Amino acid sequence: QTALCKGGEGSVQFDLVVCDAAPDATGQGWLDHTRLIGLAEIARSIAMDVLKPGGSFIVKINKGGEEQEYLAECKRHFAKAERAVFSLTW
């Protein structure tokens, strides 16, 4: 499967890339957020390589200070980028 995700001439392209990655939590909010943004940046880079034109990329990030900059960067690379907020109740 690694060969499929390298992108480039003749590679398989996808309609959708979903990233639900999360680093192991340290308990330090700023560190956990920074590490999550780092994973999201890697996922965005992969998505940009393997998505078909008009394809979709979904990524999970949390609030912590860098999410607006991440969204702005997504808007520079994708035709549409928006933030969705979900709330869970138990």
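The values are calculated or read from the model by the stated rules, or taken from the named source; none is laboratory data. Owing to the predicted nature of the structure, the values given are computational and were not obtained by experimental measurement. Backbone-built Cβ (ideal geometry, glycine too); neighbour counts: all protein chains shown. Surface accessibility is based on the protein's heavy atoms, side chains included, excluding ligands, DNA and RNA. Shrake-Rupley method; radii C 1.70, N 1.55, O 1.52, S 1.80 Å.
About its Cα centre, the dipole of the chain is roughly 200 debye, where the only charges are +1 on Lys and Arg Cβ and -1 on Asp and Glu Cβ.
Take every pair of alpha-carbon atoms less than 8 Å apart whose residues are at least six positions apart; their mean separation over the length of the chain yields a relative contact order of 31 percent. Summary of the geometry: the stretch 44-77 and the stretch 16-42, compared by the centres of their Cα atoms, lie 13 Å apart. Altogether, the Stokes-Einstein calculation at 37 °C and 0.692 mPa s, with the Kirkwood radius of the chain over Cα pairs as Rh, returns a diffusion coefficient of 229 µm²/s. When each of the peptides 75-86, 27-38 is scored by the mean number of other C-beta atoms lying within 10 Å of its residues, the order from highest to lowest reads 27-38, 75-86. Computed from Cα atoms, the angle from the helix 29-50 axis to the main principal axis of the chain rounds to 10 degrees. Compared with the alpha-carbon gap, the fully stretched path from Thr26 to Ser45 is longer by 4.3 nm at 0.36 nm per residue. Calculated mean residue ellipticity at 222 nm for the chain: -12000 deg cm²/dmol, from DSSP H runs with n ≥ 4 weighted as -39500 (n - 2.57), summed, divided by the residue count and rounded to 500.
Of the residues Leu39, Thr26, Ala81, the one whose Cα sits farthest toward the positive end of the charge dipole of the chain, with +1 on the Cβ of Lys and Arg and -1 on the Cβ of Asp and Glu, is Ala81. Note that the stretch 38-90 carries a Kirkwood radius of 12.2 Å, evaluated over its alpha carbons pair by pair. Taking the 1.4 Å solvent-accessible surface of the chain as the whole, the part contributed by carbon and sulfur is 54%.
Residues whose amide H falls under 5 Å from that of Ser56, counting only those 5 or more places apart or on a different chain, are Leu16, Val17, with hydrogens built in the peptide plane.
Accessible surface computed residue by residue for the chain, with neighbouring protein chains in place and a 1.4 Å probe, gives 76 Å² per residue.
Mind checking the full-extension length gain between Ser11 and Gln68? Use 0.36 nm per residue of separation minus the Cα-Cα distance, one decimal, nm.
Length gained between Ser11 and Gln68: 17.3 nm.
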